[in-house]
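What follows draws every value from the coordinates through simple rules; no lab data is involved. Quick caveat: nothing in here was measured; it's all calculated off a predicted structure. We place every Cβ from the backbone using ideal geometry, glycine too, and count neighbours over all the protein chains shown.
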Amino acid sequence: MNGRGPHLILVPLSTLGHWMSEFHRFCPSIRTFRLHGSKEERELMLKMIRRGSDREWDVLITTYEMAIIEKGTLGRVKWE
């Protein structure tokens, strides 16, 4: 996955933690980023997403609800 654009995975909230742990367990070299939290917490996360070229993650995992709420920022990213 390195060298390409980031990937986006939308999951139900009840499985968000499971997805994160499965990536760490089976694909530890893939850098994951979890987008979920309060509005204040997400503001810091969204700054990281907006950085683009110097991003420190390969896969963003979030919920359907967060994707709808943050569609403006997420829509600007060129996802694979």
Query - Loop-resident sites, segment 3-80, for trypsin sites (Lys or Arg not before Pro), counting at most 13 other Cβ within 10 Å (DSSP) - result: 4, 51, 76, 78
**Report entry** Along principal axes, Cα extents of segment 9-80, largest first, whole Å
**Finding:** 31, 28, 22
Query raised in the report: Percent relative contact order of the chain, based on C-alpha pairs within less than 8 angstrom and at least six residues apart?
Result: 50 percent
Report summary line: For the pair residue 26 and residue 77, the simple spin-label estimate (label points 7 Å beyond Cα toward Cβ) gives in nm 2.1 nm
